[in-house]
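Beneath this line is the structure, given in structure tokens, with notes to follow.
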Amino acid sequence: MTSSPDIQLPLAPSDEFVQLFSRSQRRIYLHILKQVGSPNDTEEILQETNVVIWNKFHRFELGSNFIAWSFQIANFEVLKYRDRKRSNRLVFSGDLLEVIAQESEEQEDDLDLRRAALQECLRKLRSADRELIQQRYQPGNTGEGVARQLDRPINSVYQSIGRIRKTLFECINRRLTAGAP
């Protein structure tokens with residue numbers, strides 16, 4: 001790639017770009033997985049997508065939607081991957097892949113709203129309920145483990161968690177219906 005002498009491209013991405021890139025990896029992975037269905041294929045496509053994102057970092061405008069930009073790159077990488085795999089018996093049409101990609105992006109927007117609503121609803125919980133939910137959903141924790149830690153009967157813990165989850169579900173739905181995250 002040649003550039004005119006008066007245009008200087010940055011040699012390395014900004015810290016903000018690196019943070020956006022790092023935080024988006026799971027979402028890009030899930031976006032690709034929805035289109036290809038295979039975790040192994042998804043990993044391969046994600047790596048190719050990451051190479052393109054990294055090589056084109058200077059084209060991304062800070063302040064714009066990094067997820068939408070990276071999803072578009074991922075969509076092209078999925079199409080390129082499918083072209084290479086045309087020898088497979090089952091090949092989806094480009095139109096179907098486009099519909100799946102579009103729905104994936106729409107679902108991602110919905111998930112963002114739900115995540116924001118969940119954060120707000122968690123803040124509204126009583127501190128004991130919030131702590132119980134956070135303790136239960138820490139990686140590697142189970143309801144049985146929480147019951148042992150709290151020295152409570154397991155049924156009591158599961159009933160509390162069920163009640164809190166119902167409260168959160170209703171709060172999230174109210175917020176989304178009202179149009180507030």
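The values are calculated or read from the model by the stated rules, or taken from the named source; none is laboratory data. Note that the structure is a prediction, hence the values are computed from the model and not measured. Counting neighbours? That spans all protein chains shown, and the Cβs are built from the backbone with ideal geometry, glycine included.
Please enumerate the residues belonging to the range 35-44 that are part of a helix (DSSP H, G or I) and surrounded by fewer than 17 Cβ atoms within 10 Å (Cβ to Cβ).
At the first step, the residues of the range 35-44 found to be part of a helix (DSSP H, G or I) are 35-36, 39-44.
Pro39, Asn40, Glu43, Glu44 - these are the residues of the range 35-44 that are part of a helix (DSSP H, G or I) and surrounded by fewer than 17 Cβ atoms within 10 Å (Cβ to Cβ).
Looking at the range 58-68 only, could you name the residues that are in contact (Cβ under 8 Å) with a residue 12 or more places away in the chain and either under 27 Å from Asp110 (Cα atoms) or surrounded by fewer than 10 Cβ atoms within 10 Å (Cβ to Cβ) (or both)?
Of the range 58-68, the ones in contact (Cβ under 8 Å) with a residue 12 or more places away in the chain are 58, 60, 62, 66-68.
Within the range 58-68, Phe60, Leu62, Phe66, Ile67, Ala68 qualify.
Scanning the range 124-133 turns up no residue that is exposed (fewer than 14 other Cβ atoms within 10 Å of the Cβ), not charged (D, E, K, R) and not in a helix (DSSP H, G or I). For Glu120, the criteria (1) touching a residue at least 24 places away in the same chain (Cβ under 8 Å); (2) under 28 Å from Phe17 (Cβ atoms) hold in every case but one, which is (2). Any residue that is more than 23 Å from the chain's Cα centre (by Cα), modelled with pLDDT under 85, assigned to a helix (DSSP H, G or I) and over 25 Å from Leu20 (Cα atoms) - is there at least one of those in the range 92-103? Yes, that holds for at least one residue.
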